[in-house]
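The values are calculated or read from the model by the stated rules, or taken from the named source; none is laboratory data. Given the structure is predicted, the values throughout are model-derived calculations rather than measurements. Using ideal geometry, Cβ is built from the backbone for each residue, glycine included, and neighbour counts are taken over all protein chains shown. Protein only, heavy atoms only, side chains kept; ligands, DNA and RNA dropped before computing areas. Shrake-Rupley method; radii C 1.70, N 1.55, O 1.52, S 1.80 Å.
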Amino acid sequence: MSAAPNAQDQPTNTTPRSETISGVVERVTYYSQESGYTVARLVRSRESELTTIVGSFADIQPGQTLQLLGFWREHPQYGPQFQVVQYLETKPATLTGIEKYLGSGLIKGVGPVTAKRIVSHFGLSTLEVIENQIERLVEVKGIAKKRINLIQRAWSAQKAIKEVMVFLQGHGVSTTYAVKIYKQYGDAAIATVTQNPYQLATDIYGIGFMTADKIARSLGVPPDSEFRYRAGMTHALGEASEDGHCYLPQPELIKQVTELLKTESHRPAEGAIALIIQNMALASELIREKSAEQILLCYKPSFFHTELNLAQLLKQRLIQLTNPDMERVRSWIYRYTASRNIELSEQQQLAVEMAAYSQITILTGGPGTGKTFCVRTIVELWKAMGKSIALAAPTGRAAQRLYEMTGLEAKTIHRMLEFDPKTMGFKRNTENLLSSRALVIDEASMLDLFLAHSVVQALSSNAQLLLVGDIDQLPSVGPGNVLSDLINSGQVPVVRLTQVFRQAQQSAIITAAHQINRGQYPKMEPVSDAPISDCLWHGGGHEPEHGVQAICELINGLIPQLGFNPVTDVQVLCPMTRGIVGTRNLNGVLQQLINPPNSDKVEITRGGMTLRVGDRIIQQTNDYDREVFNGDVGFITNIDTEEQEVTVQYLERSVIYDYADLNEIALAWSVSIHKSQGSEYSVVILPLYMQHYMMLTRNLFYTGLTRAKRLAIVIGPKKAISLALRSTDRQQRYTQLQQRLVRAFSADGVVVNSILEN
């Protein structure tokens with residue numbers, strides 16, 4: 001979609017004359033999923049030119065026939081526009097309208113080609129035939145009985161969805177979510193929403209507390225409803241987990257919920273919120289634990305029990321001792337390295353020896369410090385010791401690198417643990433342990449609380465675990481700060497590699513990364529000096545608009561000149577999603593630049609996002625049914641407008657999405673630095689602007705730069721780069737894993753359960 005037209009400086013009329021017009025939507029020029037603000041082009045009967053309509057719509061699609069109430073106004077740049085105040089969808093009355101209506105993707109099984117055939121045969125009676133004599137569709141060439149059954153089911157479902165949609169539209173819900181709500185609840189949709197609209201925030205991906213609250217208020221749910229208060233608590237804790245927290249201190253929770261629930265006419269009393277928190281604790285919907293400072297910590301039960309159990313499992317594993325013959329181990333290391341004419345550093349030697357006897361070992365270090373060779377040596381040692389070995393990583397790309405590193409099969413953690421969509425849990429657990437006696441987890445900084453717990457509980461009692469990761473990268477996207485907590489607890493054996501090897505020192509990317517880590521301004525050559533260095537800087541002007549222009553110029557010019565393919569080799573990484581140099585805007589710009597529309601590429605527009613064949617996309621949530629996970633990147637290989645399906649090719653396999661589930665994916669020509677964790681790209685373009693000042697931190701800069709394998713280009717003013725280098729105060733994550741481990745090993749033997757508040 002193009003940028004939204006500027007509505008400023010428009011002449012106003014104190015008493016605009018209202019008017020009713022009708023027509024068929026030809027195309028949607030702009031749509032904001034957040035506000036519903038829409039700019040579209042309408043074909044009116046007896047009018048040869050298209051009419052521009054603007055206003056707030058729940059959702060409209062090309063081919064829909066609309067009756068619109070509003071008024072005319074003159075935009076200084078775009079000319080006459082019809083400002084919509086109210087609208088009503090009606091059945092189309094013209095052949096063109098009926099054809100567009102049927103072919104718009106409204107009915108699964110009917111795309112543009114099939115719609116044209118049906119309308120050509122039945123004319124103005126088309127909709128009546130589908131409604132009352134659908135078996136007559138067999139008269140249309142190319143439509144078999146099997147297809148008629150599909151269309152009939154889709155038409156019936158669409159009628160039911162329409163009822164739900166009309167109800168929900170009246171309460172500000174988009175068509176996309178209406179379909180999801182119907183799929184979730186079926187014929188009970190309206191009753192469920194009416195009884196407790198806040199249930200939507202729990203059950204429907206994409207509907208949060210704000211949307212559910214808007215529906216609830218529209219339905220007349222009072223602002224002090226206990227349903228609302230409890231939903232507010234759950235939402236606040238859920239938002240906290242999105243920021244990496246495992247809990248919130250009660251004063252912080254009360255503050256956030258008060259702000260969340262206040263309206264113009266209602267401000268919740270802190271005492272009332274505290275009482276609801278207590279009631280939720282009594283009902284086991286929430287757990288409160290006293291901290292060492294006697295502050296109540298508020299957990300969702302699953303978070304509390306997982307954190308507590310993980311600490312206990314780690315302690316049980318760490319107190320076990322293995323007693324290998326270390327002389328034999330050292331002798332093997334000597335022979336192995338000598339046969340390859342290599343030499344381990346003291347730190348690497350320590351790591352390999354530690355992996356021989358320790359139940360859990362953490363290996364951390366920056367780029368160029370030899371983690372890869374160290375891991376390869378440990379794996380070979382374990383093989384020589386006769387251990388069965390498993391290799392895993394949080395993402396498919398990281399697992400592929402682990403395979404290339406060791407020559408052994410590597411899986412994603414979800415695949416290794418055998419996730420079961422039916423139970424929404426892993427088949428490998430305490431009742432069905434992994435058979436391997438040694439496990440390597442790479443990119444361990446990405447392990448969140450729940451994934452770490454699932455890994456540890458699935459290990460057999462005699463299995464050894466090697467966690468490999470760069471502690472200076474961003475922490476996990478999910479809740480917890482596991483790798484950092486384990487290291488800082490002082491209870492887990494850790495080797496930190498710091499020596500940068502001579503070969504790695506030849507890479508300006510690696511040199512710059514270590515300079516960033518030390519807070520020094522990195523050495524980056526001007527873009528004009530390419531290809532002398534693999535780490536470049538482009539001033540890109542002080543304004544974000546200049547940054548967008550610089551990115552486009554690089555992709556059109558320097559990148560292909562250096563032999564890189566913009567489609568497959570280049571990844572633009574941004575600190576934020578919003579803003580001119582944020583991922584949302586850049587994805588639209590880069591899509592037009594790298595994968596522009598043409599007659600050979602099928603494309604669709606849903607929820608303000610245009611997707612076309614050839615687009616790079618990213619999965620935005622864990623979808624266990626399809627076995628694709630948050631952060632997986634693939635390419636659209638097919639869009640079937642008849643079946644209403646989009647096919648995406650990921651690293652290992654193809655996945656098919658129904659139109660209703662397209663909010664699970666987004667364009668990935670540009671992604672956030674957080675989403676890039678665990679991945680590597682041949683070329684990284686990294687825009688850093690003061691517009692991002694809230695997110696500019698040293699570890700964010702470091703993480704983004706170290707995603708580049710062959711070329712990194714930083715774009716932005718020195719002021720923004722310097723700000724990132726100075727910002728070392730990482731947001732504190734509320735977790736107690738470190739403290740639980742310390743207490744578990746403390747001499748006084750504090751029992752964690754004893755400080756639970758009853």
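General remarks:
- Amide H contacts under 5 Å for Ala390: Ala438, Leu439, Val440, restricted to partners 5 or more places along the chain or on a different chain, H placed in the peptide plane at 1.01 Å from N.
- When a 1.4 Å probe is rolled over the protein heavy atoms, the share of accessible surface on the chain that falls to carbon and sulfur comes to 49 percent.
- For Gly540, residues with placed amide H under 5 Å, excluding near neighbours: Gly716
- Among beta bridges from DSSP that stay inside the chain, the antiparallel ones total about 60%.
- Residue ranges 257-265, 715-723, 663-671, 338-346 sort as 663-671, 715-723, 257-265, 338-346 when ordered by packing (mean number of other C-beta atoms within 10 Å per residue, highest first).
- The chain: relative contact order in percent, alpha carbon pairs under 8 Å with at least 6 residues between: 11 percent
- Cross-linked pairs Lys91/Lys214; Lys422/Lys601; Lys411/Lys709; Lys146/Lys180; Lys159/Lys262; Lys116/Lys422: Cα-Cα separations exceed 32 Å for Lys422/Lys601; Lys159/Lys262; Lys116/Lys422.
- Taken along the Cα-to-beta-carbon direction at a fixed 7 Å, the label points for Thr20 and Thr621 span 3.9 nm.
- Protection proxy ranking for 287-299, 395-407, 348-360, using the average of other Cβ atoms within 10 Å per residue and placing the highest first: 348-360, 395-407, 287-299.
- Using a cut-off of 26 Å between Cα atoms, the listed pairs Lys290/Lys315; Lys371/Lys523; Lys183/Lys675 include Lys183/Lys675 as exceeding that distance.
- Nearby aspartates and glutamates by direct alpha-carbon distance to Lys718 (threshold 15 angstrom, same-chain neighbours under 8 apart not counted): Glu525, Glu543
- For segment 478-586, the set of trypsin sites (Lys or Arg not before Pro) satisfying both a DSSP loop assignment and a count of at most 15 other C-beta atoms within 10 Å is given as Arg518, Lys523, Arg578.
- For the chain: accessible area per residue (Å², 1.4 Å): 46 Å²
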